[in-house]
1. Using helices alone, what [θ] at 222 nm do you get for the chain, with -39,500 (n - 2.57) per DSSP H run of 4 or more residues, divided over all residues and rounded to the nearest 500?
2. Given H placed 1.01 Å from N in the peptide plane, which residues other than close sequence neighbours of TRP209 have an amide H under 5 Å from its amide H?
3. Under a plain spin-label model, where a point goes 7 Å from the Cα along Cα-to-Cβ, how far apart in nm are GLU22 and ASN525?
4. Which of the trypsin sites (Lys or Arg not before Pro) found in segment 1-80 are loop residues per DSSP with 13 or fewer other Cβ atoms within 10 Å of their Cβ?
5. Please give the net charge around GLN361, taking every other residue with its beta carbon less than 10 angstrom from that of GLN361, where Lys and Arg add +1 and Asp and Glu add -1.
6. Please report the antiparallel percentage of the DSSP beta bridges confined to the chain, to the nearest 5.
7. Can you classify segment 151-323 as rounded, prolate or oblate using the Cα gyration tensor, where a ≥ b ≥ c are the square roots of its eigenvalues, rounded means a/c under 1.5, and otherwise it's prolate if a/b beats b/c and oblate if not?
8. Consider a paramagnetic label point 7 Å from the Cα of ASP649 along Cα→Cβ; state which residues of segment 605-641 have an amide N under 19 Å from it.
Amino acid sequence: MKKIQSTCNYCAIDCNMDFYVEDGKIVKVLPTRGYPVNDGFCCIKGLSLDKQQTVIKTSPLPKIRQADGTMKEVSWEEGFSHVADKLKELQAKYGQESVAGISTGQLTMEEFAIFGHVMRNYLKTNVDGNTRLCMATAVVAHKQSFGFDAPGYTLKDLELSDTIIFVGANPVVAHPILWRRVRMNKDPNKKIVVIDPRRSETAMNADYWYPVKWKCDLYLFYTLAKVLLDKGYADKEYIKAHTEGFEEFREFVKDFTLDQAKECCGLKPEQIEELAELIHSGKRVSFWWTMGVNQGYEAVRTAQSIINIALMTGNIGRPGTGANSITGQCNAMGSRAYSNTAVFFGGGDFTNPARRARISQVLGVDESMLAAKPTAAYNQIIEGINEGRIKGLWILCTNPRHSWTNNETFASAVKKLELFVVQDIYDSIESAEECTVFFPVVPGIKKEGTYINLERRLSAMRPCLPRGEHEISDYEAILGVGRALGMGDMLKGWETPRDCFGLMKECSRGMPCDITGVTWEGLENSHGIQWPLREGESPKEDERRLYEDGKFYTPSGKARFQFQSPVKNPLPLTEEFPYMFNTGRGSVGQWHTQSRTKEVQFVEDVSAAEAYLFMNPRTAECCRIQENDWVRVYSVNGQNALFRVRVSDRVGEQELYAPIHYIECNRLTPSVYDPYSKEPSYKATPVRFEKEHEKMAGKTDDEMGEEAGVCIG
Ligand SMILES: Nc1nc2c(c(=O)[nH]1)N[C@H]1C(S)=C(S)[C@@H](COP(=O)(O)OP(=O)(O)OC[C@H]3O[C@@H](n4cnc5c(=O)[nH]c(N)nc54)[C@H](O)[C@@H]3O)O[C@H]1N2
Ligand SMILES: Nc1nc2c(c(=O)[nH]1)N[C@H]1C(S)=C(S)[C@@H](COP(=O)(O)OP(=O)(O)OC[C@H]3O[C@@H](n4cnc5c(=O)[nH]c(N)nc54)[C@H](O)[C@@H]3O)O[C@H]1N2
Ligand code: SF4
Ligand SMILES: [Mo]
């Protein structure tokens, strides 16, 4: 029996797993012992990675849609030239930016790097990632506050912190191994604090829970800053030595008084004072935020309002501290620095002359061959298709028909496309329904590459199983199209993922995310390596944090206080839409749009088959609704959808909470974005609902006609 260590390619923890292989089959999967991230533990998704051994159920060959609507299987060579010819034809007919791509945070670093090279450098067009739905806010917040998109923490900080504050994060469900690190914290007096409108699974396990009003964290943190200042709890030395913009910030927060707190953020003055005392009495206070913060109409400023609190109390760069953004997908961190979408390979702006010179030298191409500007954002791509400007789309490793906000806008968009390539390990995903070309590729257990986790740790994915005939990887599919496009010498040095890794290393030289000291072989069977690791360096410790020297990546070396007056909520509750529709992860076993996890029988066995939402018992009672009843939810976006009700006091009376794993969820979310990050505001949609009688459930509006339910929302 052979043992192969590889990386779990679900969430951003990037647990390492040992795959035991015999006769071309995985017979056992165990979490790697001694690996610093997960040391012998993992969640059920990692344990079930072997269930993806036979995912390409139909055929490993590509398919092209025919005039009569059927899909015809073709050879890979034919598939490559069809896509390449069509991309060129569309560009010639409608202009360079009439084709676009949507990439992902779930492929290997090398795979989205080569996609960025083909689409952004060679075809000079737009490629955004599903990371826009997820981490874009943290990226912009880091860049503006710290000077580079560099989350500074290491997971060990959870064990070393005496006051752990989660904001809009539910790690008990979404990052179970991160939560395990909290439980490994041996401090008997440690305090766990959760700020979340909903009593999440993490809130249920916390010492303090502050039910902030939806999307009002910004008020809370500005008010908290004022309280900390009034009480003299600021760390003047730290502020003076390592930050800039503090005086303006002090002036700015003067207006955020406690007497407005209840109305502005839903918390009583005593609660905010208590939180201030908790922060002040902690010696090592850490702040951890995820999608409750990143997904909002003023999300960047909200993330920075957390960073400001860490900076003003000197809780950064020391063990157990930090303003720490928790990443979602297994390689979101890699895609942020190496996808050539928002910044160059290895970071840096597309207009920076020094970066242009460096990248062109490493890639061996003229500077004019490099992308000249950051990509148009995801929403602009979808709008571009709906408005008829974009005619060709190539998506990989993402399922936007399901996950995109206001997802009917995606459904209407793709009907207008002349070329729609879907590259996935399943041809059954919702997004593939309207595709004109389907590229089936092998899953993670059959390929190689590099992943970067939430604490900047690189780890190796290595093939556990051999490939069958005609089975190819994402890397090979993209390379195939690149060659068919006639890229020629522009693909020299990109022949294999390992070659690509070498290029990315060189692109990173001298940058904050420098990985020139990491080698392809060195990552194998290793403890993973956090960036930065410069050539010639060897990591002194397995777990390293940034900012220990108080130096940031801004020109002055100081972190910046970033702040702005809160803007008016574009979608407040109204008489017509009096309930807030909150969305997020539903269970540890379910992954996003469920294409992968519904394959796992023991997850399927305990998961709800139909879309459901949580409703407060009082709301249910007054609307005469019982557990398992159907409700039809109507959204401000004009759409409606059916959900089963679960009655639970973990949501407030004005709140409904729906897990994202059902396509109905994003039928209702709005087209509202943060102005700086363009990340969708997924978690606060005003809705109303009606009870739906059992016999009508599942029927369309037309079929229901006169029988419509009683309006009670
Ligand atoms: N099992 C499982 N694990 C996953 C995933 C999965 O699909 N399944 N997905 C992965 C990915 S890509 C990501 S990004 C992460 C997401 O990880 P998390 O962000 O931790 O998960 P969510 O459930 O999206 O949202 C967290 C919380 O934000 C709260 N929230 C909503 N609005 C607000 C608000 O205005 N303020 C505050 N303070 N809180 C608010 C919600 O009530 C929810 O409890 O999970 C990762 N892990
Ligand atoms: N309402 C609401 N909506 C949300 C969110 C929310 O909190 N609320 N969260 C958002 C967030 S944070 C995220 S990250 C997105 C996630 O949204 P998506 O990225 O669209 O969701 P996934 O289901 O992870 O899609 C991944 C796809 O990749 C395929 N795949 C797996 N492995 C491979 C591979 O090796 N190669 C290829 N080519 N394909 C592969 C899978 O089969 C699947 O179809 O959802 C967003 N949507
Ligand atoms: S915690 Fe994340 S990385 Fe670890 S096994 Fe679960 S899904 Fe995989
Ligand atoms: Mo995410």
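Derivation of every value follows stated rules applied to the coordinates shown; laboratory data play no part. Please read all numbers here as calculations on a predicted model, not as lab measurements. Quick reminder, even Gly has a Cβ in these numbers, built from the backbone with ideal geometry, and neighbours come from all protein chains shown.
1. On the way: 27 runs with 210 residues, N = 713.
Estimated from H runs of four or more residues: -8000 deg cm²/dmol.
2. VAL194
3. My value for the distance between the label points is 2.1 nm.
4. Those that pass, being in a loop and sparsely packed, are ARG33, LYS57.
5. Every neighbour counted, the sum reads 0.
6. Values: 42 of 87 bridges.
Counting DSSP beta bridges with both partners in the chain, the antiparallel share is about 50 percent.
7. Values: a/c = 1.59, a/b = 1.20, b/c = 1.33.
Judged from the Cα gyration tensor, segment 151-323 comes out oblate (a/c at least 1.5, b/c at or above a/b).
8. Within reach of a label on ASP649: 614-628.
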